[in-house]
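Asker: My structure is below; once you've seen it, I'll send some questions.
The values are calculated or read from the model by the stated rules, or taken from the named source; none is laboratory data. Remember, it's a predicted structure, so these values are computed and weren't measured experimentally. All Cβ positions, glycine included, derive from the backbone under ideal geometry; neighbour counts span all protein chains shown.
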Amino acid sequence: MLIRTLATAMVRAQTYKLRLYGRLEKFREQLHGVPMWKRLWWFLMLTVPGAVFPAAAQVSPPPQVWTWEQVKERFQLDNPTLLADKVNIDESKAQEITAFLRPNPNLTLSVDGTQIAPDRGVWRPLAGTFESPSISYLHERQHKRELRLESAKKGTLIAISSHDDMQRTMLFNLRSAFVSALQAKAVLQLAKDNIAYYDHLLQISRDRYSAGDIAQIDLDRLELQRVQYESDLQTAEEDLEDAKIQLRTMLNSRTPLEQFDVIGVYDFNDQLPPQDEFRKIALDSRPDLKAAVESVDKAKTDHKLAVANGSTDPIWSAWYTHNSSNNNPFGINTLGVSASFPLRIFDRNQGEKLRTELDITRNERLRDAAEAGVLSDVDSNYATVESDLILLRPYKAKYLQQAVRVRETITFSYQHGGASLLDFLNAQAEYRTVELSYVNLVGSYLTAAAQLNQAVGREVIQ
């Protein structure tokens, strides 16, 4: 038998050698009469494709793998919505310039005393003409300019806090999209592992069927069960694409989807700091609460400005007159000054004073409501994270190992005739359910942790 096999191999090798020689002779005949430069060209095309077509020799670039810190940094630099809202801060700073502007002085030029018609045969039109330029300036009292500037600066602080609050909300949405991508990757990997494991069992079952160990109906039922694993795999791939598209849109990126990927720790932290610690950090860090406190401070400044605006502002004037008409025959060039004081018989600003005073009370109430809302957000999201941890701890400590042990035991028993097909399929389904539940629970925990970070105002759970 061995000699026959060796003889057959030698015959095949000799046949292949004769065919190769025949092809080479045919190729030589085709090259006969072909110029040398064309032979060299064919040689380069066949042996060194990168020298003739360097673009074709290039490989596709590796995928860009983004960590959470890189995603957050790219988001803060390129997200158009966030950049558009940041312009509000610059606009508010520009209003500070307007608020501190001084009143412009007024310049008046007057000419009078020109004779327009002869009188008693005498007409000297310019003899009595006098010129009088004058300048006047409004003097603002009670520190009106300083109060306007102070109010504008506090408005800028509110704009900064409002922008930080918008960024806080959008970072939560970004973190949720990032977690969704990590969760979709974990589910996809689980689906690949499940279908690979099940294909291995199917191959064993086909071998058993070929050996007559199981019936055709049992093999058919096993192969039909694979449809569920194929469906899980396809759904996981679609979910991952959707998560990447959403994350890529928030980053304002045009990277092809097949070259865009994320990486991060997909697990939970068993330790959770005390709730009072989160409440204290939130009261110090929440930008919307800062904006509410700054609004109260600005309302007090606006009330001071309203009181100051109720005061009268004098107008100082000075003028010079050439060829003035007065009792001094030598007073050709004269100087005059005046001060104008509005009579404050009626206080026309009392309504604004009352409005700004009421506005202080309104903003104080809003500040109290914001503080209560901050504490409520922290307590609610803290309870959600704690609830997820209560579910995750037994999964990691017991249920995952039990699901693996049950699957392996029932599989071994079924392959050796000690368990029914229904028991085997149920064990596979139970394992799949437990593993998928655990992966989804981890994703729920990471999302709840991101929401707790949002409620606190900064990242306290990584």
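Asker: Inspect all residues belonging to segment 92-104 and state whether any of them is modelled with pLDDT under 80 and farther than 30 Å from R168 by Cα.
Answerer: no
Asker: Any idea how many residues of segment 203-221 are buried (at least 17 other Cβ atoms within 10 Å of the Cβ), in a helix (DSSP H, G or I) and hydrophobic (A, V, I, L, M, F, W, C)?
Answerer: 1
Asker: Here are T384, T361: which of them is closer than 30 Å to Q454 by Cα, out of contact with any helix residue (DSSP H, G or I) (no Cβ under 8 Å at 6 or more places or on another chain), of a type in the set (V, I, T) and part of a helix (DSSP H, G or I)?
Answerer: None of the others qualify; the one that does is T361.
Asker: Any residue at all in segment 395-406 that is at pLDDT below 90 and closer than 15 Å to Y197 by Cα?
Answerer: No, segment 395-406 contains no residue that is at pLDDT below 90 and closer than 15 Å to Y197 by Cα.
Each row is one residue, and each column tells you yes or no for (1) buried (at least 18 other Cβ atoms within 10 Å of the Cβ); (2) over 33 Å from the mean Cα position of the chain (by Cα); (3) in a helix (DSSP H, G or I).
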residue: R407; (1), (2), (3): yes, yes, yes
residue: G417; (1), (2), (3): no, yes, no
residue: Y431; (1), (2), (3): yes, yes, yes
residue: Y445; (1), (2), (3): yes, no, yes
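Asker: Which residues, counting only those in segment 115-140, are surrounded by 12 or more Cβ atoms within 10 Å (Cβ to Cβ) and outside any strand (DSSP E or B)?
Answerer: Answer for segment 115-140, where residues must be surrounded by 12 or more Cβ atoms within 10 Å (Cβ to Cβ) and outside any strand (DSSP E or B): Q115, P125, G128, T129, E140.
Asker: Taking A369 and the conditions (1) out of contact with any Gly (no Cβ under 8 Å at 6 or more places or on another chain); (2) at pLDDT 90 or above; (3) surrounded by 15 or more Cβ atoms within 10 Å (Cβ to Cβ); (4) not in a strand (DSSP E or B), which numbered condition does it fall short on, given that it satisfies the others?
Answerer: All conditions are met except number (3).
Asker: If a residue has to be of a type in the set (S, T, N, Q) and under 11 Å from A318 (Cα atoms) to count, how many in segment 104-139 make the cut?
Answerer: So the count comes out to 5.
Asker: Mind checking whether some residue in segment 318-337 is among the hydroxyl-bearing types (S, T, Y), out of contact with any strand residue (DSSP E or B) (no Cβ under 9 Å at 6 or more places or on another chain), surrounded by 13 or more Cβ atoms within 10 Å (Cβ to Cβ) and on the phi < 0 side of the Ramachandran plot?
Answerer: No: zero hits.
Asker: So which of L126, L83 ends up being within 29 Å of L452 (Cα to Cα), out of contact with any helix residue (DSSP H, G or I) (no Cβ under 6 Å at 6 or more places or on another chain), aliphatic (A, V, I, L, M) and free of Cβ contacts under 8 Å to residues at least 60 places away in the same chain?
Answerer: Checking each option against the conditions leaves just L83.
Asker: Hey, another quick one. What are the pairs with Cβ atoms under 7 angstrom where one residue, in segment 408-435, is more than 15 Å from A215 (Cα to Cα) and the other, located anywhere, is of a type in the set (D, E) and in a helix (DSSP H, G or I)? Sequence gap at least six, or different chains.
Answerer: I410/D423
Asker: A further question on this structure: What number goes with the only condition from (1) of a type outside the set (K, R); (2) at pLDDT below 90; (3) in contact with a Phe, Trp or Tyr (Cβ under 9 Å, 6 or more places away or on another chain) that L257 does not pass?
Answerer: Of the numbered conditions (1) of a type outside the set (K, R); (2) at pLDDT below 90; (3) in contact with a Phe, Trp or Tyr (Cβ under 9 Å, 6 or more places away or on another chain), the odd one out for L257 is (3).
Asker: When you go through (1) touching a helix residue (DSSP H, G or I) at 6+ places or on another chain (Cβ under 9 Å); (2) over 25 Å from L452 (Cα atoms) one by one for D267, which number turns out not to apply?
Answerer: With respect to (1) touching a helix residue (DSSP H, G or I) at 6+ places or on another chain (Cβ under 9 Å); (2) over 25 Å from L452 (Cα atoms), D267 is out only on (2).
Asker: If we scan segment 152-162, do we find a residue that is more than 27 Å from the chain's Cα centre (by Cα) and either outside any loop (DSSP other than H, G, I, E, B) or farther than 29 Å from L77 by Cβ (or both)?
Answerer: Yes - at least one qualifying residue is present in segment 152-162.
Asker: Could you tell me which residue of segment 260-278 is farthest from L82 (Cα to Cα), considering only residues that are at pLDDT 90 or above and of a type in the set (D, E, K, R)?
Answerer: D276
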